[in-house]
1. Can you tell me the dipole magnitude for the chain around its Cα centre, using point charges on the Cβ only (Lys, Arg +1; Asp, Glu -1), in Debye to the nearest 20?
2. For every helix of n ≥ 4 consecutive DSSP H residues, a contribution of -39,500 (n - 2.57) applies; sum these over the chain, divide by its total residues, and give [θ] at 222 nm rounded to the nearest 500 deg cm²/dmol.
3. Please report, in Å, the Rg and the Dmax of the chain, where both are computed over Cα atoms only.
4. Based only on other Cβ atoms within 10 Å, what is the fewest-to-most ordering of Val148, Val47, Val178, Val79?
5. Average the reciprocal distances over every distinct pair of alpha-carbons in region 124-278, invert the result, and give the Kirkwood radius in Å.
6. Ranked from highest to lowest mean number of other Cβ atoms within 10 Å per residue, what is the order of the peptides 135-145, 153-163, 248-258?
7. So how tilted is helix 75-85 from the main axis of the chain? Cα-based, degrees 0 to 90, rounded to 10.
8. At 1.306 mPa s and 10 °C, plugging the Kirkwood radius over alpha-carbon pairs of region 1-154 into Stokes-Einstein gives what diffusion coefficient in µm²/s?
Amino acid sequence: MAIIGSGNIGTDLMLKILRCGGPLRMAAMVGIDPNSDGLARAKRLGVPTSSEGVHGLLAMPGFEQVRLVFDATSAEAHVEHWEALRHTGVRVLDLTPAAVGPFCVPVVNLEDHLDAPNLNMVTCGGQATVPIVAAVNRTAPVTYAEIVSSISSKSAGPGTRANIDEFTETTAAALEVVGGAQRGKAMIVLNPAEPPILMRNTVYCLVEGDCDHAAVESSIAAMIERVRCYVPGYRLTQPVQFETFGPDNPLHIPETGKFIGTRVTTLLQVTGAADYLPAYAGNLDIMTSAALATAKSIAAHSLTNVGG
Ligand SMILES: NC(=O)c1ccc[n+]([C@@H]2O[C@H](COP(=O)([O-])OP(=O)(O)OC[C@H]3O[C@@H](n4cnc5c(N)ncnc54)[C@H](O)[C@@H]3O)[C@@H](O)[C@H]2O)c1
């Protein structure tokens with residue numbers, strides 16, 4: 001495995017790969033800032049490094065043995081990296097919101113994309129909220145999903161700050177394509193509070209009519225357990241809320257007009273494993289753990305194919 005991007009996401013991912021002890025092996029950590037903390041940590045931990053970007057990676061001895069490259073730079077840089085890597089045969093897991101390849105939210109659709117040459121891991125907000133929309137949509141078709149992710153400003157590096165528009169567009173698209181909502185909308189808040197706040201997510205799902213509350217609750221609970229397999233700090237902050245809007249009290253939505261049906265509200269908190277930044281940065285974990293789970297499944301799938 002190689003990682004491009006030695007910032008918050010790339011460094012957290014590297015530490016997780018090193019700690020998980022196989023079958024994935026860190027072959028390289030690549031950046032463009034020779035003074036970055038991520039490259040310094042990689043060197044200290046015995047991981048080969050380059051500060052010459054993707055071309056430095058291509059020139060590294062042993063690159064031909066690299067099977068999978070994680071890109072944790074920025075959406076703009078990813079487009080260039082994919083151009084440089086696409087003809088080499090390596091698989092690419094894109095942790096930026098560039099959305100070049102199909103969206104992957106492991107608990108919902110990983111099995112559909114195990115052979116994709118480039119897989120997009122959506123966004124931290126997408127990894128936290130798309131599973132909930134998918135869970136609701138399994139029991140009651142979601143006509144509109146709106147999410148708000150709130151993360152500590154400290155955990156958003158320059159790469160994240162450059163990608164705010166891409167965050168909203170890519171997350172909204174994934175709410176529809178992977179979550180199943182007819183329409184999706186996403187917002188992010190970089191909260192500068194000190195001490196830093198934990199990652200919080202609010203998920204609103206509008207469903208037609210009066211849905212089966214118990215069925216929705218149990219579908220959400222089952223989905224949360226699946227996400228907790230790789231992010232143990234992912235949990236509800238309070239029970240799922242249901243509000244009904246009838247002909248006498250419709251909900252007014254500026255873009256679509258009057259809504260009659262049920263609004264399902266899910267409030268989530270993500271406490272991180274503190275592999276790199278402290279536990280408040282659950283937004284790093286939800287992304288890097290999803291990427292790691294995906295990489296493990298791809299590795300197992302490739303071995304099965306070779307074996308078979
Ligand atoms: N921080 C989060 O919570 C979070 C969560 C999910 C996804 N993301 C996405 O991950 C990406 C990185 O976010 P971050 O917060 O880690 O940012 P960051 O600025 O901390 O890290 C980006 C790193 O990439 C390096 N870089 C930039 N261009 C490069 C290039 N061409 N080649 C090699 N290295 C390059 C930078 O020097 C920096 O070290 C962004 O696209 C962001 O949207 C961030």
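All of the numbers you see were taken from the coordinates with simple rules; none came from a lab. Computed from a prediction, not measured in an experiment: that's the story for all the values here. Quick reminder, even Gly has a Cβ in these numbers, built from the backbone with ideal geometry, and neighbours come from all protein chains shown.
1. Numbers: 21 positive and 29 negative charges, 183 e Å.
With Lys and Arg at +1 and Asp and Glu at -1, about 880 debye.
2. Numbers: 10 runs with 119 residues, N = 308.
For the chain, the value works out to -12000 deg cm²/dmol.
3. 19.7, 70
4. The most exposed by this proxy come first: Val79, Val148, Val47, Val178.
5. Details: mean 1/r = 0.0623 Å⁻¹.
After inverting the pairwise mean of 1/r, the radius is 16.1 Å.
6. Numbers: 135-145: 22.9, 153-163: 18.4, 248-258: 10.2.
Sorting 135-145, 153-163, 248-258 by mean packing, highest first, produces 135-145, 153-163, 248-258.
7. So the inclination is approximately 50 degrees.
8. On the way: Rh = 16.5 Å.
This corresponds to a translational diffusion coefficient of 96 µm²/s.
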